[in-house]
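Next up is a structure, given as structure tokens.
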Amino acid sequence: NLAHCKALTALPAGLGQCATLHTLNLGDCDALTSLPAELGQCAALHTLGLTCCVALKTLPAELGQCADLHTLNLAHCKALTALPAGLGQCATLHTLNLGDCDALTSLPAELGQCAALHTLGLTCCVALKTLPAELGQCADLHTLNLAHCKA
């Protein structure tokens, strides 16, 4: 748990060698701008919490290689402009929270490949203009929250 490490700007690439890392909470790490590509090597990573990482602009495409990723919380990541297409490789992704990601304008079509996606939170994504038609391929999608999306 590295939550509230306000001065943390980066994570070491060696973090990808943590084969049994299950949960990584980086919430409220205000200075964090990116994640190492090697994070995709964390095969046991189940939960990744990045809530309120207001400087986070991008995610590595390799994140889609996390074979057990179940929950990805990116709520209040105000600078996040896009999600990597590689995220569509997350066959076990169940919950994706992007609420209040002000700079997010679109979602990758590949997100439709997330067969286990159950909950997609997009509340207050004021710049989000469209949703990919491929989201219709998410047969398990039960909750899609688009409240207060103005565009």
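Tell me, please, whether a residue that is at pLDDT 95 or above, of a type in the set (Gly, Ala, Ser) and under 23 Å from LEU107 (Cβ atoms) can be found in the range 42-51.
Within the range 42-51, one or more residues are at pLDDT 95 or above, of a type in the set (Gly, Ala, Ser) and under 23 Å from LEU107 (Cβ atoms).
If you don't mind, another one. Report yes if LEU56 is in contact with a helix residue (DSSP H, G or I) (Cβ under 9 Å, 6 or more places away or on another chain), without any contact (Cβ under 8 Å) to a residue 60 or more places away in the chain and closer than 16 Å to LEU32 by Cβ, otherwise no.
Taking the combined requirement at face value, the residue does not satisfy it.
I would also like to ask the following. Can you report the number of residues in the range 12-23 which are over 17 Å from GLU62 (Cα atoms) and crowded, with 16+ Cβ neighbours inside 10 Å?
Residues that pass the stated criteria total 0.
May I ask you to list the residues in the range 102-151 that are polar (S, T, N, Q) and outside any loop (DSSP other than H, G, I, E, B)?
Across the range 102-151, the qualifying residues are GLN113, THR119, GLN137, THR143, ASN145.
Here are some conditions: (1) part of a loop (DSSP other than H, G, I, E, B); (2) more than 20 Å from THR47 (Cα to Cα). THR92 meets all but one. Which one does it not meet?
The number of the failed condition is (2).
Go through LEU8, LEU21 for me and flag whichever is over 26 Å from ALA85 (Cβ atoms), part of a loop (DSSP other than H, G, I, E, B) and hydrophobic (A, V, I, L, M, F, W, C).
Answer to the check: LEU8.
Still on this structure, please answer the following. Please find, within the range 52-80, the residue that is nearest to LEU104 (Cα to Cα) out of those that are in a helix (DSSP H, G or I) and among the hydrophobic types (A, V, I, L, M, F, W, C).
ALA61
Another question about this same structure. Taking GLY49 and the conditions (1) without any contact (Cβ under 8 Å) to a residue 40 or more places away in the chain; (2) within 16 Å of the chain's Cα centre (by Cα); (3) under 19 Å from GLN89 (Cα atoms); (4) buried (at least 18 other Cβ atoms within 10 Å of the Cβ), which numbered condition does it fall short on, given that it satisfies the others?
(1)
Sticking with this one: Given GLY86, GLY40, which one is touching an Asp or Glu at 6+ places or on another chain (Cβ under 7 Å), of a type outside the set (Val, Ile, Thr), more than 26 Å from LYS6 (Cα to Cα) and in a helix (DSSP H, G or I)?
GLY86
Please determine whether any residue of the range 24-34 is touching an Asp or Glu at 6+ places or on another chain (Cβ under 7 Å), among the aliphatic types (A, V, I, L, M), in a loop (DSSP other than H, G, I, E, B) and surrounded by fewer than 22 Cβ atoms within 10 Å (Cβ to Cβ).
no
Looking for something more than 21 Å from LEU2 (Cα to Cα), surrounded by fewer than 19 Cβ atoms within 10 Å (Cβ to Cβ), in contact with a His (Cβ under 6 Å, 6 or more places away or on another chain) and not aliphatic (A, V, I, L, M) - is there at least one such residue anywhere in the range 96-114?
Among the residues of the range 96-114, not one is more than 21 Å from LEU2 (Cα to Cα), surrounded by fewer than 19 Cβ atoms within 10 Å (Cβ to Cβ), in contact with a His (Cβ under 6 Å, 6 or more places away or on another chain) and not aliphatic (A, V, I, L, M), which makes the answer no.
Follow-up. One residue is enough: does the range 116-126 have a residue meeting the conditions loosely packed, with under 15 Cβ neighbours inside 10 Å, polar (S, T, N, Q) and touching a strand residue (DSSP E or B) at 6+ places or on another chain (Cβ under 8 Å)?
For the range 116-126, residues loosely packed, with under 15 Cβ neighbours inside 10 Å, polar (S, T, N, Q) and touching a strand residue (DSSP E or B) at 6+ places or on another chain (Cβ under 8 Å): absent.
The values are calculated or read from the model by the stated rules, or taken from the named source; none is laboratory data. Remember, it's a predicted structure, so these values are computed and weren't measured experimentally. With ideal geometry, Cβ positions are generated from the backbone for all residues, glycine too; neighbour counts draw on all protein chains shown.
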